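The values are calculated or read from the model by the stated rules, or taken from the named source; none is laboratory data. Just so you know, these numbers come straight off a predicted model, no measurement behind them. Note that each Cβ is placed from the backbone with ideal geometry, even for glycine, and that neighbours are counted across all protein chains shown. Quick note on the areas: whole protein, heavy atoms, side chains included, nothing else; ligands and nucleic acids left out. Shrake-Rupley method; radii C 1.70, N 1.55, O 1.52, S 1.80 Å.
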Amino acid sequence: MNAPDLAHLYRAHLQVIKARADRALEKGGFDHLLVASGVEKFEFLDDRPYPFKPNAQFKAWVPLLRHPACWVAYTPGQRPVLVYYQPDDYWHVPPSPPSGFWVDEFDIRIIADPAEATRHLPAGGRAAILGEADAALPGFGPNNPKAVIDSLHYHRAYKTPYELDRMRAAQRRAVPGHLAARAAFQAGASEARIHAAYLAATGHTDLDAPYGSIVGLNEHGATLHYQYKDAGPPSRHRSLLIDAGADVDGYASDITRTWGDGDARFAELVAAVEAEQLALCAKVRAGTDYRDLHLECHLRLGGVLRTLGLVDMDPGDMLARGVTSTFFPHGLGHPIGLQVHDVAGFTDEDGVLIPRPEGHPYLRMTRTLAPGMVVTIEPGLYFIPTLMAKLRARPEGKAVDWAAVEALAPWGGVRIEDEVHCTDGEPENLTRDAFAAA
């Protein structure tokens with residue numbers, strides 16, 4: 001998107017952000033909103049910094065991702081102030097002077113010392129100060145008032161046109177990485193080299209990607225958050241499960257794909273899961289309770305288990321008796337945006353919990369879908385040894401074809417994940433659109 005169009009979208013976005021801030025401040029009884037970007041943190045007893053990640057509340061206002069010790073100060077009815085930290089530093093590259101499609105919307109105050117920020121923050125009235133405790137300055141300690149945060153988080157589920165544009169761009173950035181990872185897998189590369197191919201194709205490093213990529217070959221695909229990347233390739237490349245995203249202006253993408261080696265039975269499993277995943281994506285519609293969609297996912301995956309001869313049981317009984325939860329132990333998905341697992345998936349505007357279905361503790365979204373929401377849809381079926389052993393010891397284990405399970409276990413599992421935008425009509429599958437464009 002060209003700069004004038006992006007500036008127009010951003011200007012409209014900022015009007016929404018200010019209106020949400022007005023509402024949240026009124027609910028909490030505050031006069032000002034102060035948002036700290038955060039501070040650089042260092043390893044214990046060392047001078048090496050951890051990768052800096054800004055406060056997501058700060059990113060909602062400005063697309064600044066490498067900028068510690070900055071502040072946004074907003075008073076309803078006034079132009080927001082950006083306190084911009086630009087040190088005189090020859091050990092590291094300091095931030096460039098403020099520039100881009102967003103700068104005209106702020107009263108920008110440049111400081112060379114973090115302590116100087118206090119001169120540019122409002123001194124009178126009650127301030128809601130959002131940030132971690134270590135961002136505190138004299139007279140300005142983060143108080144993170146619950147009423148303000150609950151309101152801001154709740155409304156953040158509804159993406160503005162600017163945010164949707166940035167999220168589509170994050171999808172387009174991630175897709176070449178997934179295609180490069182598939183090619184590296186097919187060429188027999190190790191997990192580490194597959195990951196390197198992904199990073200090279202997206203233009204990311206490990207430090208600026210939105211989360212640590214999951215790159216699991218073979219049985220490693222059965223570990224939901226597999227955290228390692230073996231440097232040596234396995235003797236046989238059966239499968240690759242890659243869960244990896246990208247970032248554009250602070251907005252994340254989160255995509256999972258599973259590739260096989262041509263084994264007919266595993267290919268049948270992948271195709272069956274993908275068919276149900278696409279059917280669930282088509283149901284991301286206004287008025288749908290996401291909890292119901294999650295339970296429908298269990299029924300659909302139970303149908304896959306029965307159709308493929310893995311479990312001889314009615315899908316409804318599988319759900320009721322926890323059999324589907326053995327093969328699919330996580331939730332259907334989550335909100336996404338400024339954070340990969342974005343906020344307020346469980347609460348109303350007042351922070352009141354919207355409960356998960358009983359027996360489904362890992363579901364990250366319990367709200368009713370509405371236009372503007374973006375959620376992931378990520379069903380999976382896995383052969384997780386510890387869960388398989390527990391099921392085998394239960395009476396329900398008699399309904400499982402354990403020989404078939406053991407034959408598929410070396411492939412680990414399957415997960416397919418897209419991001420889907422709920423609209424007033426047909427859902428928009430941001431991920432599939434990006435793959436189609438590639």
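So here's what we get for this one:
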read-out	value
Among (1) open to solvent by less than 40 Å² (accessible area, probe 1.4 Å); (2) out of contact with any helix residue (DSSP H, G or I) (no Cβ under 7 Å at 6 or more places or on another chain); (3) outside any strand (DSSP E or B) - the single one Leu34 does not satisfy	(3)
Number of positions in segment 235-248 that are farther than 16 Å from Arg182 by Cα and either open to solvent by 40 Å² or more (accessible area, probe 1.4 Å) or more than 17 Å from the chain's Cα centre (by Cα) (or both)	1
Residue match in segment 210-232 (condition: closer than 18 Å to Arg168 by Cβ and either open to solvent by less than 50 Å² (accessible area, probe 1.4 Å) or of a type in the set (Gly, Ala, Ser) (or both))	yes
All positions within segment 1-30 that are open to solvent by 60 Å² or more (accessible area, probe 1.4 Å) and touching a helix residue (DSSP H, G or I) at 6+ places or on another chain (Cβ under 7 Å)	Met1, Arg11, Arg23, Lys27
Those residues of segment 108-145 which are under 18 Å from Pro76 (Cβ atoms), touching a helix residue (DSSP H, G or I) at 6+ places or on another chain (Cβ under 9 Å) and open to solvent by less than 50 Å² (accessible area, probe 1.4 Å), in sequence order	Ala128, Ile129, Leu130, Pro145
From the options Val83, Val39, Val72, residue that is on the phi < 0 side of the Ramachandran plot, of a type in the set (Val, Ile, Thr) and in contact (Cβ under 8 Å) with a residue 60 or more places away in the chain	Val39
Test: residue in segment 374-392 that is in a loop (DSSP other than H, G, I, E, B), buried (at least 17 other Cβ atoms within 10 Å of the Cβ), of a type outside the set (A, V, I, L, M, F, W, C) and within 23 Å of the chain's Cα centre (by Cα)	yes
Every residue from segment 197-220 that is of a type outside the set (Ser, Thr, Tyr) and in a helix (DSSP H, G or I)	Ala197, Leu199, Ala200, Ala201, Asn218, Glu219, His220
